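J.: I have a structure I would like to understand better, so I am pasting it below and will then ask my questions one at a time.
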Amino acid sequence: LPPVLTIDGPSGAGKGTVSRIVARHLGWHYLDSGALYRAVGVAASWADIDTSDASALVRCTFDTKVQFVEQGESLRVLVNGTDATDELRLETTGALASAIAAISEVRAALKERQRAFRLAPGLVADGRDMGTVIFPDAPFKVFLTASAEERALRRHKQLKEKGVSVNFEDLLREIMARDARDAQRAVAPLRPADDAVLIDTSGIGIDDVVARVLGLVPT
Ligand code: CDP
């Protein structure tokens, strides 16, 4: 089987950015597993499925076709053939994805689809349970963290660039509440794999984090 580098961690730790750069460096495939949960969320909202209707959400997971299409520098995501890249990034979609991700049948339904990304010459898998559940035998595992303050700051900056003004304290409280929920939920609680290398990205630039991650993979 081709090698896998798993990069797990809470939202705002820089997983997405680091994973993409590392994948490009290595010339490996890239799996954005969060996008799969988000895609199911988008498809469910298109189909007017209620978030409390678990069996409809499970059916929707099986029925939803997700395609990742490279378009120059950007990666577009097609949901049932329609470009949903922008809708995928919305906060409302993230919240929907997180509710859907708490359903164990949904997680089970996405398992094999995620494993199918393991193609030569290798895969960088970005998510929450890549090193623990989806690719437990991965030879390279990283768990990225950052303090809640740092993650709130980054999010604050991102939103400001988008022209959205939010209160920093509110953002911080939200992130801390979500951390507690993610760590305590019954289904796939967020935790590092026993054999993962922990990297705290607080106060470290992206380049340094990328260098540390690349240092784990012999070339
Ligand atoms: O950056 P953020 O964590 O908000 O977004 P994401 O990585 O796109 O994931 C969206 C949601 O899907 C998260 O809130 C997680 O609850 C869930 N997720 C998951 O449960 N397992 C994964 N492997 C990836 C995402």
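J.: About the Cα centre of the chain, how large is the charge dipole given +1 on each Lys and Arg Cβ and -1 on each Asp and Glu Cβ? Please answer in debye to the nearest 20.
T.: It works out to roughly 240 debye.
J.: Same structure again: Can you tell me how the chain classifies by the Cα gyration tensor, rounded, prolate or oblate, using a/c under 1.5 as the rounded cut?
T.: Since a/c stays below 1.5, the shape of the chain is classed as rounded.
J.: Among rounded, prolate and oblate, which fits the stretch 109-219 when a ≥ b ≥ c are the square roots of the eigenvalues of its C-alpha gyration tensor, a/c under 1.5 means rounded, and a/b larger than b/c means prolate?
T.: Prolate, since a/c reaches 1.5 and a/b exceeds b/c.
J.: A further question follows. Taking springs between alpha-carbon atoms closer than 10 angstrom, which of K157, K141, K65 fluctuates most in the Gaussian network model of the chain?
T.: Of the options given, K157 has the highest mean-square fluctuation.
J.: Compute, for the stretch 114-219, the length of the dipole vector about the Cα centre, with Cβ point charges of +1 (Lys, Arg) and -1 (Asp, Glu) only. Units Debye, rounded to 20.
T.: It comes to approximately 340 debye.
J.: Name the long-range amide H neighbours of F140: under 5 Å, sequence gap of 5 or more, or other chain; modelled H, no Pro or chain starts.
T.: It is V4, T6, by chain and number.
J.: Of L119, F168, A148, whose Cα points farthest to the positive end of the dipole of the stretch 105-219 (charges on the beta-carbon: +1 Lys, Arg; -1 Asp, Glu; origin at the Cα centre)?
T.: L119
J.: Add -39500 (n - 2.57) for each DSSP H run of 4 or more in the chain, then divide by its residues: what number comes out at 222 nm, to the nearest 500 deg cm²/dmol?
T.: Rounded to the nearest 500, it is -14000 deg cm²/dmol.
J.: Work out which helices of the chain, taken as complete DSSP H runs, extend at least 18 Å along their axis over the Cα atoms and score a mean Kyte-Doolittle of -1.0 or more, then list them.
T.: Within the chain the helices that satisfy the rule are 33-46, 168-184.
J.: Name the most mobile residue of D83, D170, D200, meaning the one with the largest mean-square fluctuation, in a Gaussian network model of the chain with Cα contacts below 10 Å.
T.: With Cα springs under 10 Å in the chain, the top fluctuation among D83, D170, D200 is at D170.
J.: If you don't mind, there's one more thing I want to ask. Could you tell me the distance between the Cα centroids of the stretch 31-58 and the stretch 92-163, to the nearest Å?
T.: Each part reduced to its Cα centre gives a spacing of 15 Å.
J.: Let me ask something else. Just need the relative contact order of the stretch 102-219 here, percent rounded to a whole number, with Cα pairs under 8 Å and 6+ apart.
T.: Normalised by residue count, the contact order of the stretch 102-219 is 35 percent.
J.: How high is the relative contact order of the chain, in percent, counting Cα pairs under 8 Å that sit 6 or more residues apart?
T.: 34
J.: May I ask you to list the lysines whose Cα is less than 27 Å away from that of K160, ignoring any residue fewer than eight positions away on the same chain?
T.: Qualifying lysines at Cα under 27 Å: K15.
J.: Something else now. Can you tell which of G72, G14, G203 shows the greatest fluctuation in a Gaussian network model of the chain with Cα springs below 10 Å?
T.: Its mean-square fluctuation being the largest, the pick is G72.
J.: Let me ask another. Excluding residues on the same chain fewer than 8 positions from K111, give the lysines whose Cα lies under 16 Å from its Cα.
T.: Result set, ordered by chain and number: K65.
Throughout, read-outs are computed from the coordinates displayed, never taken from laboratory work. In this text, all values refer to a predicted model and were calculated from it rather than measured experimentally. Please note: Cβ atoms are built from the backbone with ideal geometry, for glycine as well, and neighbour counts cover all protein chains shown.
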